[in-house]
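Engineer: The structure's right below; bear with me while I get my questions together.
The values are calculated or read from the model by the stated rules, or taken from the named source; none is laboratory data. Since the model is a prediction, treat every value here as computed from it, not as a measurement. Cβ coordinates were reconstructed from backbone atoms using ideal geometry, including for glycine residues, and neighbour counts include every protein chain displayed. Keep in mind that these areas ignore ligands, DNA and RNA; they rest on the heavy atoms of the full protein, side chains included. Shrake-Rupley method; radii C 1.70, N 1.55, O 1.52, S 1.80 Å.
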Amino acid sequence: MICWCSDAIFTRRDEGWVASNPRTYSHVELDSVAGAALLSLTKGADSDWLGALAGAHGKDRTELQLEYGLWSDPSAFGNQQGESVSGQQLLDLLKRRWILVEDDEADYRRYLAPLTSILDRDHLGTFHQVVTRKLAFDERIRDKWKWWQNTKFNEDGKSLRDGPYKWVQEPFFDKRFTLGSLAGIRILDFACGNGFYANKFARAGAKVIGVDTDRGLINLAQKNAESGVEFFFAENPDECLKFLLALPASSFDKVYMGDVVLLLADTSSSPSLAEIMSALARLLRLGGVVHTFEPNAAFWLSPRFGADHSPYAIITEYRQQTYAVAPTMDRIVNLMSGAGLALVEYAHPTGENIPKSSARLRAFAERFPMWDFSTYQKIQLKK
């Protein structure tokens, strides 16, 4: 028997009805006939649903958008309307997008799992897996570093393009690290990317070393390097750890990590995040700090619904994660404390710099945190 999926919801959007599954980030637009049919029938065989959907039409509106990279609206509600379908095609679409399921939901529960390979179409996958597959097969992008760079930055890597990084993250950073405020300070920018923030630290007076495992990004960083900054390439995470261990102990005042902890938090990664944090803590003088600027674990990938002036988020997972990959705060604080780093600052950048022309993003950022800025201080561990 076919029935409504227990996670499906029914909303008004773009002057029509939309059936969505927030857990699978999928959406089907429906005309009034289809909407009435779905509301009138809760369970039945295929033939019952086909009868109820007679004369009904719908469109697939599921589309992961990556214009702003990691910070596009993650709801996967596509802007471009697909081809209208009816009859058996509409019924198949509602099943494929997990609006309708077999009433024991066994297939649905099996779908909510990581991908077994990049070719896997039978599981939801984590966000990073889904993005990797989309870039490889849909976008046919080979130089992923260039895609990452161009979603955040202008092509030369010297400025941020319009979007959340420019409107939310950068104003907070510039207010926190003002020009001249870091004179005499030594900073390690770990996973520095194209060096944009390392150069900002240098302009604030710091001496900076940046390291990253992506050759394309380091090449751009070295091309744009300002006075007081050195950039180094490490072939892979293991070589990066060796690089850290080769640096003198207690030789830095600060370590900066921006949008990187979530990439290192995979428990299967080698070296582990715990090993990396211990190596970074070793490099800090007593009283030195680690700054992390990371996506908020609850709201970063939360599906967004509601009106543009007052959107709301649906949290589908937190501790037990399937799609979302940002580590929860309790996990990170405990990991940091194990390395002798104590949390001393925790802040959420605000969205008042988002232009009014981006009304939906501004309204969301006013209500929910997009990033967490945290500071951990190196303390003397008791023996």
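Engineer: Quick check on the stretch 362-381. Is at least one of its residues open to solvent by less than 70 Å² (accessible area, probe 1.4 Å), basic (Lys, Arg) and at pLDDT 95 or above?
Structural biologist: yes
Engineer: While we're looking at this one, here's another question. Among (1) farther than 24 Å from residue 296 by Cβ; (2) part of a helix (DSSP H, G or I), where does residue 148 come up short?
Structural biologist: Residue 148 satisfies all of (1) farther than 24 Å from residue 296 by Cβ; (2) part of a helix (DSSP H, G or I) except (1).
Engineer: Related question: Taking helices (runs of 4 or more DSSP H) that do not extend beyond the stretch 65-135, which have at least 3 residues that are surrounded by 15 or more Cβ atoms within 10 Å (Cβ to Cβ)?
Structural biologist: The helices (runs of 4 or more DSSP H) meeting that bar are 87-96, 127-133.
Engineer: On to the next question. Give the residue that is least open to solvent (accessible area, probe 1.4 Å), with candidates limited to residues of the stretch 35-63 that are part of a loop (DSSP other than H, G, I, E, B) and closer than 20 Å to residue 1 by Cα.
Structural biologist: Of everything passing the filter in the stretch 35-63, 53 is least open to solvent (accessible area, probe 1.4 Å).
Engineer: Being under 30 Å from residue 187 (Cβ atoms) and not charged (D, E, K, R) narrows it down to one residue among 303, 295; which is it?
Structural biologist: From the options 303, 295, the qualifying one is 295.
Engineer: Any chance the stretch 322-334 includes a residue that's under 27 Å from residue 10 (Cα atoms), modelled with pLDDT of 90 or more, aromatic (Phe, Trp, Tyr) and open to solvent by 60 Å² or more (accessible area, probe 1.4 Å)?
Structural biologist: Scanning the stretch 322-334, I find no residue that is under 27 Å from residue 10 (Cα atoms), modelled with pLDDT of 90 or more, aromatic (Phe, Trp, Tyr) and open to solvent by 60 Å² or more (accessible area, probe 1.4 Å), so the answer is no.
Engineer: Might you check whether a residue that is of a type in the set (D, E, K, R), within 27 Å of residue 256 (Cα to Cα) and not in a helix (DSSP H, G or I) occurs anywhere in the stretch 319-337?
Structural biologist: Yes: the stretch 319-337 contains one or more residues that are of a type in the set (D, E, K, R), within 27 Å of residue 256 (Cα to Cα) and not in a helix (DSSP H, G or I).
Engineer: Further, regarding this structure: For the stretch 270-295, what are the residues that are within 30 Å of residue 24 (Cα to Cα) and in contact (Cβ under 8 Å) with a residue 24 or more places away in the chain?
Structural biologist: Selection gives 270, 273, 292, 293, 294, 295.
Engineer: Sticking with this structure for a sec: Looking at this structure, is residue 346 open to solvent by less than 70 Å² (accessible area, probe 1.4 Å), in contact with a strand residue (DSSP E or B) (Cβ under 7 Å, 6 or more places away or on another chain), more than 25 Å from residue 21 (Cα to Cα) and in a strand (DSSP E or B)?
Structural biologist: Considered against the rule, which asks whether it is open to solvent by less than 70 Å² (accessible area, probe 1.4 Å), in contact with a strand residue (DSSP E or B) (Cβ under 7 Å, 6 or more places away or on another chain), more than 25 Å from residue 21 (Cα to Cα) and in a strand (DSSP E or B), residue 346 comes out as no.
Engineer: With the structure loaded, tell me whether residue 302 is part of a loop (DSSP other than H, G, I, E, B) and open to solvent by 30 Å² or more (accessible area, probe 1.4 Å) or whether it fails that test.
Structural biologist: no
Engineer: Could you look through the stretch 1-34, keep only residues that are in a strand (DSSP E or B) and open to solvent by 60 Å² or more (accessible area, probe 1.4 Å), and pick out the one that is nearest to residue 86 (Cα to Cα)?
Structural biologist: Per the stated criteria, the residue is 17.
Engineer: Specify which of the listed residues (324, 339, 298, 363) is over 30 Å from residue 27 (Cα atoms) and not hydroxyl-bearing (Ser, Thr, Tyr).
Structural biologist: Exactly one residue qualifies, and that residue is 339.
Engineer: Tell me which residues, restricted to the stretch 155-175, are more than 27 Å from residue 234 (Cβ to Cβ) and either open to solvent by 10 Å² or more (accessible area, probe 1.4 Å) or outside any helix (DSSP H, G or I) (or both).
Structural biologist: 161, 162, 163, 166, 167, 171, 172, 174, 175
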